[in-house]
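Student: Provided herewith is a single structure, encoded as structure tokens, for subsequent inquiry.
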Amino acid sequence: MNTLALSFQSLELNGVSSLESTVNVHLMTDGRSALLFDTGYDEPASLHTLIAWIRAKKVTIQGILVTHAHPDHAGGLLTLAETYCCNVYIHPLERQSIEDKGVSLRKRLAAISWRDVCAGDMIHLNAYRVETIETPGHTHGHLAWYEATTQTLIAGDNATSAGTVWIGPPDGHLAHFYESLTRLHALSAKTILPGHGESIEATPSFFVTMLKRREARSEQILNQIIRKPQSAHELAATLYGSAIAGNHMWAALSTVRAHLSYLSEKNLIACHYDRAKKVLMYQASGI
Ligand SMILES: [Zn+2]
């Protein structure tokens, strides 16, 4: 039997219900069947666009793979799972996160054919398969998938060609993200299909460069604190300036908090409550 040629196709969806105003979904297809990676927003326009796009491909969706539970990636999951009646592959922590938020949808969520997956699990598409890569950091149960014959990585929010990947508590954990970047580097992916922005033709040092840039930010924040004890707000204002407003300031603040947690875990900084300022102040350990 001839093996059908494998291809990856991506669609950028627009949404208004998330911090991110666009998100990518990806299809891995042999022309007859397909795996769908992520589901976009739970918004009528986004769902309509995605379902029409899949219909035009004339492929059978064999499975939906969810990188993580954030609403720009998994918002449309319930509708898509009901539309295609296929297995949904997801990390248990992300499944629980969706189930916890969707209490009013419990009956519909219970009808989904969930398939919990973790590191090394293979998901097959006829003659092809993708390997599940655990990449905690952006969220605790974030997954990526790797297709070895084309050296293609479906990266979710581990990589982006548009700005930087957001890591913020309570979902995000910087030390885990650094470990995940090291794991992704070892794959030697040639093509990275990110959750946001255009596909990336990856250089061998792509993830190492990302890692070094982040670590430099941690170092920069540590140096700021060594110079003078500061609150998270003061650090965010120093690092990101007044140019950042609204939701983006919240994201900047959250990013700073992720770095502060990372530095605290390494016992490089400590914090105390400042009664006069009514904020947590961070200072270098041992000072
Ligand atoms: Zn996300």
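The values are calculated or read from the model by the stated rules, or taken from the named source; none is laboratory data. All of these numbers come straight from a predicted model, not from anything done at the bench. Note that we place each Cβ from the backbone using ideal geometry, even for glycine, and neighbour counts take in every protein chain shown. Calculation scope for accessible area: heavy atoms of the full protein, side chains included, ligands and nucleic acids excluded. Shrake-Rupley method; radii C 1.70, N 1.55, O 1.52, S 1.80 Å.
Student: So, in the stretch 186-202, how many residues would count as being of a type outside the set (A, V, I, L, M), away from the ligand (no atom under 16 Å from the Cβ) and in contact with a Ser or Thr (Cβ under 8 Å, 6 or more places away or on another chain)?
Tutor: 5
Student: Another one. I'd like the residue in the stretch 168-193 that is closer than 19 Å to Arg217 by Cβ and charged (D, E, K, R) and, out of all such residues, is surrounded by the fewest Cβ atoms within 10 Å (Cβ to Cβ).
Tutor: Selected residue: Glu179.
Student: Let me ask something else. Just the residues that are surrounded by fewer than 16 Cβ atoms within 10 Å (Cβ to Cβ) and either aliphatic (A, V, I, L, M) or not assigned by TED's automatic domain parsing to the domain that holds Pro229 (or both), please, taken from the stretch 269-282.
Tutor: Of everything in the stretch 269-282, those that are surrounded by fewer than 16 Cβ atoms within 10 Å (Cβ to Cβ) and either aliphatic (A, V, I, L, M) or not assigned by TED's automatic domain parsing to the domain that holds Pro229 (or both) turn out to be Ala276, Val279, Leu280.
Student: Also: Listed residues Arg183, Arg129, Arg217; which is at pLDDT below 95 and away from the ligand (no atom under 16 Å from the Cβ)?
Tutor: Exactly one of Arg183, Arg129, Arg217 is at pLDDT below 95 and away from the ligand (no atom under 16 Å from the Cβ), namely Arg217.
Student: Would you point out the residue of the stretch 151-167, among those that are within 14 Å of the ligand (Cβ to nearest atom) and on the phi > 0 side of the Ramachandran plot, that is least open to solvent (accessible area, probe 1.4 Å)?
Tutor: Gly156
Student: Test Arg129 against the criterion of being under 23 Å from Ile167 (Cα atoms), out of contact with any Gly (no Cβ under 6 Å at 6 or more places or on another chain) and among the charged types (D, E, K, R), and give yes or no.
Tutor: no
Student: Return the pair list, or none, for Cβ contacts closer than 7 Å from residues in the stretch 86-109 that are within 16 Å of Gly141 (Cβ to Cβ) to residues that are among the aromatic types (Phe, Trp, Tyr), at least 6 apart or on different chains.
Tutor: Val88/Trp114; Ile90/Trp114; Arg95/Trp114
Student: Checking the structure you have, find out if any residue of the stretch 36-46 is farther than 25 Å from His142 by Cβ, in the same structural domain as Leu153 (by TED's automatic domain parsing) and open to solvent by 10 Å² or more (accessible area, probe 1.4 Å).
Tutor: Yes, the stretch 36-46 contains a residue that is farther than 25 Å from His142 by Cβ, in the same structural domain as Leu153 (by TED's automatic domain parsing) and open to solvent by 10 Å² or more (accessible area, probe 1.4 Å).
Student: Right, something else. Name the residue that is least open to solvent (accessible area, probe 1.4 Å), counting only residues in the stretch 9-20 that are more than 15 Å from Gly197 (Cβ to Cβ) and more than 14 Å from the ligand (Cβ to nearest atom).
Tutor: Top of the filtered list is Gln9.
Student: His68 fails exactly one of the following numbered conditions: (1) surrounded by fewer than 20 Cβ atoms within 10 Å (Cβ to Cβ); (2) assigned to a loop (DSSP other than H, G, I, E, B). What is the number of that condition?
Tutor: Looking at each condition in turn, His68 falls short on (1).
Student: Would you mind stating whether Pro136 is on the phi < 0 side of the Ramachandran plot and away from the ligand (no atom under 16 Å from the Cβ)?
Tutor: no
Student: I would also like to ask the following. Here are Leu80, Leu47: which of them is closer than 23 Å to Leu153 by Cβ, in a helix (DSSP H, G or I), among the hydrophobic types (A, V, I, L, M, F, W, C) and more than 16 Å from the ligand (Cβ to nearest atom)?
Tutor: Criteria check complete, one pass: Leu80.
Student: Is there a residue being in contact with a Lys or Arg (Cβ under 8 Å, 6 or more places away or on another chain) and of a type in the set (Ser, Thr, Tyr) anywhere in the stretch 34-51?
Tutor: Checked the stretch 34-51: no residue is in contact with a Lys or Arg (Cβ under 8 Å, 6 or more places away or on another chain) and of a type in the set (Ser, Thr, Tyr).
Student: Run down Val23, Val59 and say which single residue is of a type in the set (A, V, I, L, M, F, W, C), closer than 30 Å to Thr149 by Cβ, in contact with an Asp or Glu (Cβ under 7 Å, 6 or more places away or on another chain) and buried (at least 17 other Cβ atoms within 10 Å of the Cβ).
Tutor: So the residue among Val23, Val59 that is of a type in the set (A, V, I, L, M, F, W, C), closer than 30 Å to Thr149 by Cβ, in contact with an Asp or Glu (Cβ under 7 Å, 6 or more places away or on another chain) and buried (at least 17 other Cβ atoms within 10 Å of the Cβ) is Val23.
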